[in-house]
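Shown next, in structure tokens, is the structure this report addresses.
A short reminder: the numbers here are calculations on the coordinates, not readings from a lab. All of these numbers come straight from a predicted model, not from anything done at the bench. Please note: Cβ atoms are built from the backbone with ideal geometry, for glycine as well, and neighbour counts cover all protein chains shown.
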Amino acid sequence: MTANLAAGSTLAGLGSWARSGGLEIVLFVIGAMLFGRFAQFIRDRIIRRIDAGFVGSDSLVRSEAAKHRHALAQVVTWVLLSIVYFLVALEVLQRLGFPLGGLVAPAAVIGAALGFGAQRIVQDLLAGFFLITERQYGFGDVVSIAVTGQAVAAEGTVEDITLRITTLRNPDGEVIIVPNGQIVKVTNLSKDWARAAIDVPVPASSDITRVNEILHDVGAKAFADRKLKSLLLDEPTVMGLEDLTVDQMNIRMVARTLPGKQFEVGRELRVRVAAALRREGMSETA
């Protein structure tokens, strides 16, 4: 009889808790999920509007302001969701009967024990904060990032930025994830303007004056071409003799381009230079 009364009391208590604390937990979880979906919807809408403004304009590259707004939308959403999920987790723990005040002392001990490992995360967050506020790079920028402990720099197009990591996609389609705290140096290859540099190797016996004339002519014709002129900021110039060996000399040609267009311009100029030198009977492999 006593056992039946105890079981009934337990069931009644569980039912009462389910109608109060349990229901609140479900509502908190559902609310957090709905808020996350809503925040991501707003972020995606802002990003689509930024992208639509770029696609609908006559610009061939994104402006620095658009890149920054795109990155800022991603970061703000990430921070906001992290805060909301953390607060919801605290409320759920409280509804489950964990006294938050009693967790202060254990949390301090655990925090001290994990402090050394957590400093990497804090370093990532702080570095990400300064990356965004200083506008070192933004969504769509082509960057080369020197990473601590890595001999080869991470290179690619910025696809995502949060306070903790930067996500790149290299020309081979591979995704590279770099913790912001491990970034040593950033080379932004698409900020404001870029430069395509071409070293033209010709035989050492060639007439330098004639080679310079050919390259000047190639640059002038390239700048007059409607397709290339839209990518160039000014006419390509010949810098002169860059390197000299016994049987070969390199003459450098440079062109200022729109951000991120230096690779396309460089390839086109190499084709034109190769064709021009071949017509003159000069073998070259720019």
Original post:
When the residues of the stretch 183-200 are filtered to those that are among the aliphatic types (A, V, I, L, M) and closer than 27 Å to residue 124 by Cα, which remaining residue is surrounded by the fewest Cβ atoms within 10 Å (Cβ to Cβ)?
Top reply: 184
Original post:
Going by the conditions given, is residue 252 in a strand (DSSP E or B), in contact (Cβ under 8 Å) with a residue 12 or more places away in the chain, under 30 Å from residue 68 (Cβ atoms) and among the charged types (D, E, K, R)?
Top reply: no
Original post:
Filtering the stretch 154-189 down to residues that are touching a Ser or Thr at 6+ places or on another chain (Cβ under 8 Å) and charged (D, E, K, R), which residue is farthest from residue 43 (Cα to Cα)?
Top reply: 155
Original post:
Which one of these does residue 159 not meet: (1) closer than 22 Å to residue 264 by Cβ; (2) in contact (Cβ under 8 Å) with a residue 40 or more places away in the chain?
Top reply: (2)
Original post:
Got at least one residue in the stretch 261-269 being in contact with an Asp or Glu (Cβ under 6 Å, 6 or more places away or on another chain) and without any contact (Cβ under 8 Å) to a residue 60 or more places away in the chain?
Top reply: no
Original post:
Which is in contact with a strand residue (DSSP E or B) (Cβ under 8 Å, 6 or more places away or on another chain), outside any strand (DSSP E or B) and polar (S, T, N, Q), of 144, 206?
Top reply: 206
**OP:** Among the numbered conditions (1) touching an Asp or Glu at 6+ places or on another chain (Cβ under 6 Å); (2) closer than 19 Å to residue 138 by Cα, tell me where residue 204 comes up short.
**Re:** (2)
